[in-house]
Amino acid sequence: MAILNIIKAPDPRLKVVCSPLSKVDDQIRALMDDMLETMYAAPGVGLAAPQIGVNKRIIVMDVARHDEKPEPLKLVNPEVMSASDILLVREEGCLSFPQQYAEVERPETVHIRYINEESEVKELQANGLAAICIQHEIDHLDGVLLTDRLSSIKRNIILRKMKKLKKLG
Ligand code: NI
């Protein structure tokens, strides 16, 4: 296992539309383990493959609270099959935007289909934080970032801060 470097915005590698996988092999399983380790170390609740420079449709997440048993999820080719009409506004962060938080509106519940690490097709109904996180991470696979969900004023404030952070190194 290894901790990988997380790409920080702005970066063109975060704007790429990722391609689906045809199968899950040992190399992908090892990559997902590294992604989880990287996410826990950050610490964060979700990480998408493009954030570590891999343009594949893979996400990992764990929204269990700190005092609960870990619930790691490894999702390949995740797809939203349906979403609730009820929308929820919640503050989101992103490991590619350290120390930046913004309110985003998304469906409260989503039903998704994905491939697990045994290459089996699975379905999952998510709500609350899990639903937010899944939608945020699937956005990454389409090159859509937290800032793309904000008004241009809020987006520019965050992007200016990120450029300043990058200059400070
Ligand atoms: Ni993110």
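Per-residue answers, yes or no, for (1) under 30 Å from Asp26 (Cβ atoms); (2) of a type in the set (Phe, Trp, Tyr):
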position	(1), (2)
Phe97	no, yes
Thr109	no, no
Val121	yes, no
Leu124	yes, no
Ala131	no, no
Asp139	yes, no
Leu165	no, no
Leu168	no, no
Checked segment 1-56 for anything modelled with pLDDT under 95 and over 24 Å from Ile132 (Cβ atoms); matches are Met1, Ala2, Ser22, Lys23
Checked segment 77-94 for anything out of contact with any His (no Cβ under 8 Å at 6 or more places or on another chain) and surrounded by fewer than 22 Cβ atoms within 10 Å (Cβ to Cβ); matches are Asn77, Glu79, Ser84, Asp85, Ile86, Leu87, Leu88, Val89, Arg90, Glu91, Gly93
Over segment 5-15, the set of residues in contact with a Leu (Cβ under 9 Å, 6 or more places away or on another chain) and in a loop (DSSP other than H, G, I, E, B) is Ile6, Ile7, Lys8, Ala9, Pro10
Taking first residues from segment 37-63 that are closer than 22 Å to Val17 by Cα and second residues anywhere that are of a type in the set (Gly, Ala, Ser) and assigned to a loop (DSSP other than H, G, I, E, B), the pairs with Cβ under 6 Å that are 6 or more apart or on different chains are Gln51/Ser96
Given the conditions (1) within 15 Å of the ligand (Cβ to nearest atom); (2) modelled with pLDDT under 95; (3) not in a loop (DSSP other than H, G, I, E, B), every one holds for Leu88 apart from (1)
Here the residues within segment 114-140 that are over 16 Å from the mean Cα position of the chain (by Cα) and either within 12 Å of Val80 (Cβ to Cβ) or among the aromatic types (Phe, Trp, Tyr) (or both) are Glu123, Leu124, Gln125
Among the residues of segment 116-126, the number that are of a type outside the set (Ser, Thr, Tyr) and more than 21 Å from Ala64 (Cα to Cα) is 3
Scanning segment 15-35 for residues that are within 11 Å of Val76 (Cα to Cα) and free of Cβ contacts under 8 Å to residues at least 40 places away in the same chain, the one farthest from the chain's Cα centre (by Cα) turns out to be Ser22
Checked against (1) within 16 Å of the ligand (Cβ to nearest atom); (2) in a loop (DSSP other than H, G, I, E, B); (3) out of contact with any Gly (no Cβ under 6 Å at 6 or more places or on another chain); (4) modelled with pLDDT of 95 or more, Arg106 satisfies every condition except (2)
- Task: Say whether the condition of being over 28 Å from Leu159 (Cβ atoms) and not β-branched (Val, Ile, Thr) is met by at least one residue in segment 40-59.
- Result: no
Going through segment 95-129 in order, the residues found to be within 12 Å of Pro78 (Cβ to Cβ) and surrounded by 13 or more Cβ atoms within 10 Å (Cβ to Cβ) are Val110, His111, Ile112, Arg113, Tyr114, Ile115, Asn116, Lys122, Leu124, Ala126
Counting only residues in segment 67-85 that are assigned to a loop (DSSP other than H, G, I, E, B) and under 20 Å from Ile3 (Cα atoms), the one nearest to the ligand (Cβ to nearest atom) is identified as Pro72
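The values are calculated or read from the model by the stated rules, or taken from the named source; none is laboratory data. None of these values were measured; they are calculated from a predicted model. Glycine gets a Cβ as well: all are built from the backbone with ideal geometry, and neighbour counts include every protein chain shown.
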